[in-house]
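I have placed the structure first, in the form of structure tokens, so that the comments after it can refer back to it.
FYI, it's all coordinate maths here, none of it is from the lab. Keep in mind the model is a prediction, meaning the values are calculated, not measured. Counting neighbours? That spans all protein chains shown, and the Cβs are built from the backbone with ideal geometry, glycine included.
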Amino acid sequence: MRLIKGFIISVFVLFLLLLLMGLLLPARTIVSRAANLPAAPATVYPWLAEVQRWPSWMEGLDSNTVSRLNDSVTRIGNMEIRMLQRSDTLIQTEWITAEGQHHFSIMRLLPADNGKLCTVQWQFEQKVGWWPWERLGTLLHEKIMGPRLETNLERLREKIITTP
């Protein structure tokens, strides 16, 4: 009986420690990457603003399953992408996964060298709840999303260079 009681108390204390450690971590994470592209902002903008073009340079998106529901909502596979804001230098979207997770993406288009070149800065923001495993999971967000953003920005660079 003492063994079972000690085990239950140990599990409870461990849960409390994880909860307290998790509460010290931020409730949202932002992963950001940038790339300099050898093209004018006017050339790059359609690749960022038109969701139908994304599967051609974003890894993991299947172009066969792109369906536009209305002007601001597009479905790619089982993911819904909502256009929240669009201007000449900013594209803000909300990505909703099949599991109902919400991720926010911001793409900034920054002109350089008198408009001959541009920098694309792309960031993803994820908000999490207060459960310890959600908060501790944010530690991996940078390791998972960072390389994916870098790969996609490199693929965008190649598309822009090879497309006349």
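Each residue of the stretch 93-105 in order: what ³J(HN,Hα) in whole Hz does its phi give by Karplus 6.51 cos²θ - 1.76 cosθ + 1.60, θ = phi - 60°, with x for Gly and Pro?
10, 10, 9, 10, 7, 4, 7, x, 6, 10, 10, 10, 10
Karplus couplings for the stretch 115-120 from phi (6.51 cos²θ - 1.76 cosθ + 1.60, θ = phi - 60°), rounded to Hz, Gly and Pro as x?
x, 7, 10, 8, 10, 9
Over the chain, what is the percentage of antiparallel beta bridges among all DSSP beta bridges, to the nearest 5?
About 100 percent, rounded to the nearest 5.
Which aspartates and glutamates, if any, have their Cα less than 19 Å from the Cα of Lys5, not counting same-chain residues under 8 positions apart?
none
Can you spot the lysines whose alpha carbon is less than 20 Å from Lys159's alpha carbon? Ignore those fewer than 8 places along the same chain.
Partners found: Lys116.
Among Gly6, Ala112, Thr74, flag the residue with its Cα farthest along the positive direction of the charge dipole of the chain, charges on Cβ as +1 for Lys/Arg and -1 for Asp/Glu.
Gly6
How high is the relative contact order of the stretch 46-164? Use alpha-carbon pairs under 8 Å, at least six apart in sequence, and give a whole percent.
16
Which value, in debye to the nearest 20, describes the size of the charge dipole of the chain about its Cα centre when Lys and Arg Cβ atoms bear +1, Asp and Glu Cβ atoms bear -1, and nothing else is charged?
I would put it at about 420 debye.
Using modelled backbone amide H atoms (1.01 Å from N, in-plane), which distant-in-sequence or interchain residues come within less than 5 Å of Leu25's amide H?
Close amide H contacts, sequence-distant or interchain: none at all.
Convert each backbone phi in the stretch 43-50 into a coupling constant with the Karplus relation 6.51 cos²θ - 1.76 cosθ + 1.60 (shift: θ = phi - 60°), then list the ³J(HN,Hα) values in order as whole Hz, x for Gly and Pro.
After applying 6.51 cos²θ - 1.76 cosθ + 1.60, I find 7, 7, 3, x, 5, 8, 7, 9 Hz.
How do the peptides 117-126, 68-77 rank, highest first, by the average count of neighbouring beta carbon atoms within 10 Å per residue?
Going by the mean number of other Cβ atoms within 10 Å, highest first, we get 117-126, 68-77.
Explain nothing, just the number: relative contact order of the stretch 73-126, from Cα pairs under 8 Å at least 6 residues apart, as a whole percent.
24
Compute the helix-to-body angle for 132-162: its Cα long axis versus the longest principal axis of the chain, expressed 0 to 90° and rounded to tens.
Around 10 degrees separate the two axes.
Select one label from (1) 92, 66, 33; (2) 76, 35, 25; (3) 43, 38, 35: the one whose number is Cα extents along the principal axes in Å as derived from the coordinates shown.
Evaluating Cα extents along the principal axes in Å on these atoms matches (2).
Quick one: which residues, 5 or more positions from Ala39 or on another chain, have an amide H under 5 Å from its amide H? H modelled 1.01 Å from N in the peptide plane, none for Pro or chain starts.
Long-range HN contacts for Ala39: Cys118.
Please enumerate, by chain and number, the lysines with C-alpha under 23 Å from the C-alpha of Lys127, excluding those fewer than 8 residues away in the same chain.
Answer for Lys127, where 23 Å is the Cα cut-off: Lys143, listed by chain and number.
Can you tell which of Leu90, Leu16, Leu61 shows the greatest fluctuation in a Gaussian network model of the chain with Cα springs below 10 Å?
Leu16
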